[in-house]
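First the structure, in the form of structure tokens, and then the observations on it.
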Amino acid sequence: MDFLHPENWADALALRAERPDAKPIQGGTDVMVELNFDRGRPAALLDLNPCRELFEIEEADGRIRIGAGVPYVRIIRKLGNRLPALAQASRTVGSPQIRNRGTVGGNLGGASPAGDAHPALLAANAVVEVESAARGSRMIPIDDFYVWVKKNALEADELIRAVWLEPAPGPQYFSKVGTRNAMVIAVCSFAVALDPVTRTAGTGIGSAGPTPLRAREAQDLLAEHLPWDNPVPLGEKLLRDFGALVAEAAKPIDDVRGTADYRKHALSVMARRTLGWAWNDFTAERRAA
Ligand SMILES: Cc1cc2nc3c(=O)[nH]c(=O)nc-3n(C[C@H](O)[C@H](O)[C@H](O)COP(=O)(O)OP(=O)(O)OC[C@H]3O[C@@H](n4cnc5c(N)ncnc54)[C@H](O)[C@@H]3O)c2cc1C
């Protein structure tokens, strides 16, 4: 197996174009597992670690740009207040070792429906910046990024450069069910993001379909019924209807981690709870203001 070691990002893009059979590797927490279990043997590995550009967290046009090589531990440390759902999701990934190496870029690259970053990215309407040597960069809205099980919208000569998010305009929550508290793939997961400016709410469902999913009808329900001008606790009916619509949007299967029915039930509970927490935060902030 060839090991391609670019000097910088431009070099990496050139190598990507020359060697579409090369597998990019960032933290290696997915790639090395595949190699160790002999699940695939790419002709070459393209090491992205020398590309220092990928390790930056920047701000432009009021948005946060997280380089594809930024590990979870830095998202937790630097962005906990500004991107709460992504930071909460990052805290649940693997173990300290995995959070030190693993990246959101790698989660996007693998595009596993069980990846913990995806629900938070969907709920917050992230945009993925990808780049090729031949055509430069393009921005892919997160809804168009996940194509099928472990397939994303990247062309063969493209690499993920960064992910863009607006600093949270309102409360956000991520929740995950696993067979134990750490070091497990999610049985299912959910994120909600409230936007008091546009009076909308975003959602993201993980591990309950061929791709990460958005619960559109649940979002429509909130757009119509959240009492933004009268911030009182939410009624039980709205919470339950929201949970039911989130469960309906999921397309889970039965597998070793859980049944489809259990996943739908767990999603409805997580949806209700996370919305309740987010709304309580919003009303508390309103009262304090
Ligand atoms: C013990 C253990 C526990 C784990 N727990 C969790 C967990 O709780 N939640 C969770 O979501 N994940 C978990 N994972 C999986 C893994 O840590 C995450 O998916 C992580 O985000 C991968 O990031 P990475 O940088 O290590 O990716 P890598 O392994 O380097 O790459 C992953 C994929 O992305 C591609 N890729 C990487 N960078 C780019 C790029 N810039 N452009 C294009 N393609 C790219 C690679 O080719 C590969 O297909 C766990 C893994 C292990 C080993």
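Centre-to-centre, using Cα atoms only, the stretch 197-233 and the stretch 30-73 are separated by 30 Å. Between the stretch 97-124 and the stretch 258-286, how far is it from one alpha carbon centroid to the other, in angstrom? Their Cα centres are 20 Å away from one another. Obtain the nm distance between the two label points defined at R240 and E7 by a simple spin-label model: each point lies 7 Å from its Cα along the Cα-to-C-beta direction. In this crude label model, R240 to E7 measures out at 6.6 nm.
Once both labels are positioned 7 Å from their Cα atoms along Cα-to-Cβ, the gap between V269 and W228 label points is 3.2 nm.
Note on D21 and A289: the extension gain reaches 90.9 nm, defined as 0.36 nm multiplied by sequence separation minus the Cα-Cα distance.
Using the heavy atoms of the protein chains alone and a 1.4 angstrom probe, what is the accessible area of the chain per residue in square angstrom?
Working: 13490 Å² over 289 residues.
With the other protein chains kept in place, the chain gives 47 Å² per residue.
Between the Cα long axis of helix 236-249 and the first principal axis of the chain there is an angle of about 30°, rounded to the nearest 10. The orientation-averaged projection of the convex hull spanning the C-alpha atoms of the stretch 137-185 amounts to 5.8 square nanometres.
Close amide H contacts of G178 (hydrogens built in the peptide plane, cut-off under 5 Å, sequence separation of 5 or more or a different chain): V187. Ordering N8, S90, A215 by the projection of their Cα atoms onto the charge dipole of the chain, which places +1 on the Cβ of Lys and Arg and -1 on the Cβ of Asp and Glu, puts S90 at the extreme positive end. Straight-line reach from K23: taking Cα to Cα under 28 Å and skipping same-chain neighbours fewer than 8 places apart, the lysines in range are K150, K151. From most to least packed by mean Cβ count within 10 Å, the peptides 59-66, 165-172 give 165-172, 59-66. Here the 3J(HN,Hα) profile of the stretch 272-280, calculated from phi with Karplus coefficients 6.51, -1.76 and 1.60 at θ = phi - 60°, is 4, 5, 5, 5, x, 5, 5, 5, 4 Hz, Gly and Pro shown as x.
Computed from backbone phi, the HN-Hα couplings of the stretch 196-202 come to x, 6, 8, 6, 10, 9, x Hz, rounded to whole numbers (Karplus: 6.51 cos²θ - 1.76 cosθ + 1.60, θ = phi - 60°; Gly and Pro given as x).
By the compact-protein rule of thumb, 2.2 N^0.38 Å, the alpha-carbon radius of gyration of the chain corresponds to a ratio of 1.01.
Can you tally the net charge around P141? Count Lys and Arg as +1, Asp and Glu as -1, for every other residue whose Cβ sits under 12 Å from the Cβ of P141. Kindly include the intermediate steps, with their values, before the conclusion.
Values: positive: R138, R214; negative: E129, D143, D144.
Local net charge: -1.
The HN-Hα couplings worked out from phi for the stretch 10-23 by the Karplus form 6.51 cos²θ - 1.76 cosθ + 1.60 (θ = phi - 60°) are 4, 4, 5, 5, 5, 5, 4, 5, 6, 10, x, 7, 7, 9 Hz, whole numbers, x standing for Gly and Pro.
The stretch between N36 and D220 holds 61.8 nm of extra length on full extension. This uses 0.36 nm per residue minus the Cα-Cα distance.
For G40, neighbours were defined as the other residues whose beta-carbon sits under 12 Å from its Cβ, and their charges (Lys and Arg +1, Asp and Glu -1) total 0.
The values are calculated or read from the model by the stated rules, or taken from the named source; none is laboratory data. Since this is a predicted model, take the numbers as computed values, not measurements. All Cβ positions, glycine included, derive from the backbone under ideal geometry; neighbour counts span all protein chains shown. Just the protein is used for accessible areas: all its heavy atoms, side chains included, with ligands, DNA and RNA removed. Shrake-Rupley method; radii C 1.70, N 1.55, O 1.52, S 1.80 Å.
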